[in-house]
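Chemist: Let me give you the structure first, and then I'll get to my questions.
The values are calculated or read from the model by the stated rules, or taken from the named source; none is laboratory data. Not measured: the values here are computed from a predicted model. We place every Cβ from the backbone using ideal geometry, glycine too, and count neighbours over all the protein chains shown.
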Amino acid sequence: MTDLTALSVSEALAGMKNKEFSAVELTQAHLDAMDKARHLNAYIVETPEIALKQAAESDKRYAAGTELPLDGIPTGIKDLFCTEGVQTTAGSKILEGFIPTYESTVTSKLFADGAVMLGKTNLDEFAMGSSNTTSYYGNVVNPWKANDSDADLVPGGSSGGSAAAVAANIAMLTTGTDTGGSIRQPAAFCGVAGIRPTYGRCSRWGVVAFASSLDQAGAFGRSVEDCAHMLKSMSGYDPKDSTSAKLEVPDFPALIDQGVKGLKVGIPKEYRLDETPAEINAMWEQGIEWLRSEGAEIVDISLPHTKYALPAYYIIAPAEASSNLARYDGVRYGLRVDGQDLQETYRKTRAEGFGDEVKRRIMVGAYVLSAGYYDAYYLQAQKVRRLIQDDFKKAYEQVDVILTPATPSSAFAIGENEDDPIKMYLNDVFTVTVNMAGLPGMSVPAGLDSRGLPLGLQVIGRPFDEASILRTCRFLERASAFKAKPQFLMNKAA
Ligand code: GLN
């Protein structure tokens with residue numbers, strides 16, 4: 001019998017349409033698989049009742065021939081998206097027990113297109129991290145293992161639960177958010193595809209805010225096509241988000257198969273870092289070669305301000321976070337620890353409710369925004385941000401897309417890099433420029449390193465040109481013929 005959890009979105013949609021299996025059966029197969037994957041800790045909350053109810057409604061639509069674009073597709077929702085009636089924690093103790101009375105725009109759109117919610121996926125606290133080890137609800141375990149060690153590896157972060165769930169076949173699709181790399185880095189670590197669309201493509205309404213000028217929702221899937229399906233359903237103008245773009249949403253799945261012949265692909269010299277392992281540079285060279293031999297034009301480009309992106313990000317993101325997180329005061333949301341007076345209640349609540357990484361960011365953010373330091377740090381960082389945007393603008397006069405590695409390493413062991421925040425921040429070195437410039441970017445699995453762990457390539461596009469990214473990634477996915485599966489799934493089959 002076919003394993004229903006291993007299907008692609010297109011195969012699953014066709015199977016339900018042709019009555020080979022029902023949406024309820026497909027959902028049940030995923031719920032059963034989730035049961036056996038608890039040790040990965042990919043979900044904070046599972047919602048089987050909601051899933052089965054939604055699936056039954058999908059089945060009615062299939063029977064009536066009125067099915068929707070994602071009807072019956074089992075989906076995990078990053079626990080940063082508010083879901084009506086379902087606990088939403090942002091991975092933090094401070095929001096434990098918070099049950100929103102409203103639905104985020106992105107999840108509303110997914111459900112309006114028939115997606116079935118399996119549960120809320122685990123993440124770094126308030127989406128701050130690169131390893132999914134800052135969640136109050138425990139670490140997420142990467143379903144992949146290195147061939148030379150039995151150590152549990154991180155799935156990447158912050159959308160680690162979402163990436164691990166798709167890799168372990170306990171969700172067909174998952175949502176993520178990407179403020180500095182939180183979709184592309186975990187996608188690379190877990191051997192799945194992940195796209196962060198252009199800032200403004202998906203509404204941020206109802207998504208717990210980390211750094212509002214950088215946050216953007218996006219999609220994880222096991223293939224580029226699967227991501228294209230999800231992105232189409234998630235995207236679109238929303239009057240409730242003033243930064244949401246009033247643009248038509250392209251039919252992404254229909255645009256992925258145009259090939260790369262004649263496409264101009266930029267290779268930025270500043271992404272050749274001395275510290276990057278040779279295997280990752282070799283993977284990048286391989287990607288360039290695949291594109292060249294298919295008739296794409298490879299163009300050497302320069303993005304001169306790249307090296308300032310990471311330091312500027314770690315000023316701007318904490319600054320916005322310190323402001324956004326001021327609302328968690330024990331009065332309006334979640335946790336409350338009473339003190340003698342209001343001030344003490346604030347202090348106790350925040351001291352107990354936030355974890356170390358979140359506190360570190362709040363302190364940095366408050367510092368760089370304080371009188372006397374604002375000009376020296378925050379304002380300078382904003383200027384750097386403009387220079388980074390200008391670099392890309394110039395590059396896109398010459399090229400259509402840009403190809404880089406997705407991450408400077410493959411997945412590392414849980415606990416590694418923990419005592420060194422700067423080392424942890426370096427995970428975002430290839431991804432963060434995209435957020436600073438508000439651009440779309442995608443990571444696609446391209447091969448394995450010598451330890452048997454997945455490596456990703458990143459494709460960056462012009463604003464609102466996700467279609468060219470998807471098309472390039474689709475080609476790369478075919479060229480690499482990446483078929484490897486995580487040990488977790490191979491053990492399951494054995
Ligand atoms: N790792 C980055 C950070 O910790 C990015 C997080 C994200 O994209 N949400 O800020």
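Chemist: Do we find a residue being away from the ligand (no atom under 13 Å from the Cβ), among the acidic types (Asp, Glu), without any contact (Cβ under 8 Å) to a residue 12 or more places away in the chain and in a loop (DSSP other than H, G, I, E, B) anywhere in region 138-158?
Modeler: The answer is yes; a qualifying residue exists.
Chemist: Out of GLY180, GLY161, GLY119, GLY191, which single residue is within 15 Å of the ligand (Cβ to nearest atom), farther than 19 Å from ALA321 by Cβ and at pLDDT 95 or above?
Modeler: Just one listed residue meets the conditions, GLY161.
Chemist: Looking at ARG360, ARG347 in this structure, which one is surrounded by fewer than 19 Cβ atoms within 10 Å (Cβ to Cβ), part of a helix (DSSP H, G or I) and within 16 Å of the ligand (Cβ to nearest atom)? Even if it seems obvious, please write down each step before you answer.
Modeler: On the way: ARG347 fails: within 16 Å of the ligand (Cβ to nearest atom).
One residue alone meets the criteria, ARG360.
Chemist: Would you tally the residues in region 415-471 being among the hydrophobic types (A, V, I, L, M, F, W, C) and under 19 Å from LYS307 (Cα atoms)?
Modeler: 12
Chemist: Output yes when any residue across region 412-424 is within 30 Å of ALA479 (Cα to Cα), in contact with a Leu (Cβ under 9 Å, 6 or more places away or on another chain) and within 16 Å of the ligand (Cβ to nearest atom), and no when none is.
Modeler: yes
Chemist: Could I ask something else about it? Of everything in region 373-391, what is out of contact with any Ser or Thr (no Cβ under 9 Å at 6 or more places or on another chain) and either outside any helix (DSSP H, G or I) or among the β-branched types (Val, Ile, Thr) (or both)? Give them in sequence order.
Modeler: TYR373, VAL384
Chemist: Still on this structure: Being surrounded by fewer than 18 Cβ atoms within 10 Å (Cβ to Cβ), more than 16 Å from the ligand (Cβ to nearest atom) and of a type outside the set (Asp, Glu) narrows it down to one of ALA484, ALA446, so name that one.
Modeler: Answer to the check: ALA484.
Chemist: If you don't mind, another one. Only one of these conditions is not met by VAL45: (1) surrounded by fewer than 20 Cβ atoms within 10 Å (Cβ to Cβ); (2) within 30 Å of GLY415 (Cβ to Cβ); (3) more than 19 Å from the chain's Cα centre (by Cα). Which number is it?
Modeler: (3)
Chemist: Give me the residue from region 25-41 that is touching a helix residue (DSSP H, G or I) at 6+ places or on another chain (Cβ under 8 Å) and surrounded by fewer than 18 Cβ atoms within 10 Å (Cβ to Cβ) and, out of that set, farthest from MET172 (Cα to Cα).
Modeler: Going through the qualifying residues, I end up with LYS36.
Chemist: Sort out which residues of region 7-24 are crowded, with 16+ Cβ neighbours inside 10 Å and out of contact with any strand residue (DSSP E or B) (no Cβ under 9 Å at 6 or more places or on another chain), and write them in order of number.
Modeler: Taking region 7-24 as the starting set, the residues that turn out to be crowded, with 16+ Cβ neighbours inside 10 Å are 7, 9, 12-13, 15-16, 21-24.
Listed by number, the residues that qualify are LEU7, LEU13, GLY15, MET16, PHE21, SER22, VAL24.
Chemist: For region 194-205, name all the residues that are farther than 19 Å from MET128 by Cβ and either within 15 Å of the ligand (Cβ to nearest atom) or not basic (Lys, Arg) (or both).
Modeler: ILE195, PRO197, THR198, GLY200, CYS202, SER203, TRP205
Chemist: Failed condition for GLN185, given (1) within 14 Å of the ligand (Cβ to nearest atom); (2) touching a Ser or Thr at 6+ places or on another chain (Cβ under 7 Å); (3) in a loop (DSSP other than H, G, I, E, B), with all others met?
Modeler: It is condition (3) that GLN185 fails.
Chemist: Right, something else. Could you identify the single residue in THR431, THR404 that is more than 16 Å from the ligand (Cβ to nearest atom) and of a type in the set (Ser, Thr, Tyr)?
Modeler: THR404 is the lone residue from the list that is more than 16 Å from the ligand (Cβ to nearest atom) and of a type in the set (Ser, Thr, Tyr).
Chemist: Another question about this same structure. Looking at (1) in contact (Cβ under 8 Å) with a residue 24 or more places away in the chain; (2) away from the ligand (no atom under 13 Å from the Cβ); (3) surrounded by fewer than 24 Cβ atoms within 10 Å (Cβ to Cβ); (4) assigned to a loop (DSSP other than H, G, I, E, B), which one does THR133 not meet, given that it meets all the others?
Modeler: (2)
Chemist: It is to be established whether one or more residues within region 52-73 are under 30 Å from ALA351 (Cβ atoms) and at pLDDT 95 or above.
Modeler: Just the residues of region 52-73 that are under 30 Å from ALA351 (Cβ atoms), to begin with: none.
The answer is no, given that none of the residues of region 52-73 is under 30 Å from ALA351 (Cβ atoms) and at pLDDT 95 or above.
Chemist: Check region 208-217 and report whether any residue there is assigned to a strand (DSSP E or B), touching a helix residue (DSSP H, G or I) at 6+ places or on another chain (Cβ under 6 Å), within 14 Å of the ligand (Cβ to nearest atom) and closer than 16 Å to LYS120 by Cβ. Steps first, answer last, please.
Modeler: Taking region 208-217 as the starting set, the residues that turn out to be assigned to a strand (DSSP E or B) are 217.
Now drop any that are not touching a helix residue (DSSP H, G or I) at 6+ places or on another chain (Cβ under 6 Å), which leaves 217.
Narrowing further to those that are within 14 Å of the ligand (Cβ to nearest atom): 217.
When the remaining residues are screened for being closer than 16 Å to LYS120 by Cβ, the result is 217.
Taking every residue of region 208-217 in turn, at least one turns out to be assigned to a strand (DSSP E or B), touching a helix residue (DSSP H, G or I) at 6+ places or on another chain (Cβ under 6 Å), within 14 Å of the ligand (Cβ to nearest atom) and closer than 16 Å to LYS120 by Cβ.
One line per residue, one yes/no per condition, for (1) among the small types (Gly, Ala, Ser); (2) buried (at least 22 other Cβ atoms within 10 Å of the Cβ); (3) closer than 21 Å to ILE460 by Cβ; (4) out of contact with any strand residue (DSSP E or B) (no Cβ under 8 Å at 6 or more places or on another chain):
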| site | (1), (2), (3), (4) |
| --- | --- |
| ARG184 | no, yes, yes, no |
| CYS190 | no, yes, yes, no |
| VAL207 | no, yes, no, no |
| ASP215 | no, yes, yes, no |
| THR243 | no, no, yes, yes |
| GLN258 | no, no, yes, yes |
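Chemist: Say whether the condition of being in contact with a helix residue (DSSP H, G or I) (Cβ under 9 Å, 6 or more places away or on another chain), of a type outside the set (Gly, Ala, Ser) and more than 22 Å from LEU52 (Cα to Cα) is met by at least one residue in region 157-166. Give the derivation first.
Modeler: Step one: list which residues in region 157-166 are in contact with a helix residue (DSSP H, G or I) (Cβ under 9 Å, 6 or more places away or on another chain), which gives 157-166.
Still in the running and of a type outside the set (Gly, Ala, Ser): 166.
When the remaining residues are screened for being more than 22 Å from LEU52 (Cα to Cα), the result is none.
Checking region 157-166: not a single residue is in contact with a helix residue (DSSP H, G or I) (Cβ under 9 Å, 6 or more places away or on another chain), of a type outside the set (Gly, Ala, Ser) and more than 22 Å from LEU52 (Cα to Cα).
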